[in-house]
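Everything on this sheet refers to the single structure shown next.
The values are calculated or read from the model by the stated rules, or taken from the named source; none is laboratory data. Only a predicted model underlies this, so the values are computations on that prediction, with no experimental measurement involved. Counting neighbours? That spans all protein chains shown, and the Cβs are built from the backbone with ideal geometry, glycine included.
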Amino acid sequence: MKINEAGWLELSDPGEGTISRQKAIGIGEITVPEVVVLHYTASGHFQHTVDRLATSPDLSVHFVVGRAGEIVQLVPCDRRAYHAGLSEWKGKERVNAFSIGIEIINWGWLKAQQTNQDLLLTHVDTEVHKTGAVFSKHKNETTARWWQSYTGTQISAVRKLVIALCKAYNLTVDEVVGHNDIAPKRKVDPGPAWPMEEFKHEVAIALGTEQQSIEEVIPTGVLPADGPMPRVDALFVKAEADISVVLRTLHKELKQQ
C-alpha cells in the first residue's frame, strides 16, 4: 500500500487487500500529519458506519477498517478530519489539526448477562459470544472487563495501512497512538483487546527501525476470523467532533425505537 500525492491510499499490489473511497463531506483544511490515531467504532456494521461518517458535516475520519480487513478512505490524508474531539498530544491541543484518524469496526467494551454466561452484551445489547472477546484491564482503568476481540485480518490491514502512512509522512511508531492516549480522561479506545505493543513492534520491523525478535509474539485479544455483524439503522445525530460519542448515541437511539 502507498499514499499518492493527493493523499489517497492505493494498492501497490492487488493481493494487498481491498480498498475503496467514499468521500466525506466533513473535510477540513490542509494539514501536515504528525500522528496516527487508532479508534474503535463502538459499532458492528461496516457500511452503515461508513455511510454515517461520510454524510456528516461535523464528524469524519480518514479511514474505516472492517472486520474482514476491508478499508474505505473518506478524507485525504493531508486534509483535516473530525475524529478526535477534545484532545492533546505532546502538549499540542486540537489533535484533529495534525492527525490521521483510523476507525476500526469493533464494539469495544462488553458486559456480562445473567441468563447466558456464554454470551456478552454490547452497549446496545447486541450479543457477542465469549469466544469473540477478551477479559482484560485497560491501562487507564483499575478493574478488568470484557472487550470484543479484533480479527487477525483486520489487524493485518491496519498494519499495512499504518506502514504506508509512516512511510509517506516520515512517522515512527512513537507517532502511532490510541484515542485513549490523546484523551485519556474521556476515551478507552482502541482498548486492551488491540495488541498495541505487538502491533508497533511489527510496524517498526517493516520500517527498518527495530530488529526481528527471536521469540514469536502471540497477541491476545485477536480473532483469526469473524462472522458478519448485525445491521443497525437509525437517524444520525450531531455532536462534537468525536466519532465514538456519535456512534454510541446512534445505537442508544436505535434501542429506544
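Between residues in the range 78-100 that are touching a residue at least 40 places away in the same chain (Cβ under 8 Å) and under 22 Å from Lys2 (Cα atoms) and residues that are buried (at least 21 other Cβ atoms within 10 Å of the Cβ) and of a type in the set (Val, Ile, Thr), which pairs lie under 6 Å by C-beta distance while being six or more apart or on different chains? From the range 78-100, the pairs are Ala81/Val61; Ala81/Val75; Ser99/Val35; Ser99/Val37; Ile100/Val36.
For residues that are closer than 24 Å to Lys92 by Cβ and of a type in the set (Gly, Ala, Ser), scanning just the range 25-49, find the one that is surrounded by the fewest Cβ atoms within 10 Å (Cβ to Cβ). Per the stated criteria, the residue is Gly28. In the set (1) over 28 Å from Leu207 (Cβ atoms); (2) within 13 Å of the chain's Cα centre (by Cα), the condition left unmet by Ile102 is number (1).
Among the residues of the range 64-88, those identified as modelled with pLDDT of 90 or more and part of a strand (DSSP E or B) are Val64, Val65, Ile71, Val72, Gln73, Arg79. The single condition among (1) within 11 Å of the chain's Cα centre (by Cα); (2) more than 22 Å from Thr172 (Cβ to Cβ); (3) not in a loop (DSSP other than H, G, I, E, B) that Gln47 does not satisfy is (1). When each of Ser87, Ser56 is tested for being more than 26 Å from Tyr150 (Cα to Cα), surrounded by 15 or more Cβ atoms within 10 Å (Cβ to Cβ), more than 15 Å from the chain's Cα centre (by Cα) and not β-branched (Val, Ile, Thr), the lone residue that passes is Ser56. Looking across the range 1-16, just one residue is without any contact (Cβ under 8 Å) to a residue 60 or more places away in the chain, in a loop (DSSP other than H, G, I, E, B) and surrounded by 13 or more Cβ atoms within 10 Å (Cβ to Cβ), and that is Leu11. In the range 168-200, of all residues being among the β-branched types (Val, Ile, Thr) and either assigned to a loop (DSSP other than H, G, I, E, B) or within 14 Å of Val134 (Cβ to Cβ) (or both), the one that is nearest to the chain's Cα centre (by Cα) corresponds to Val188. Being at pLDDT below 95 and among the basic types (Lys, Arg) is the filter; apply it to the range 165-199 and report the residue that is surrounded by the most Cβ atoms within 10 Å (Cβ to Cβ). Looking at residues that are at pLDDT below 95 and among the basic types (Lys, Arg), I get Lys187.
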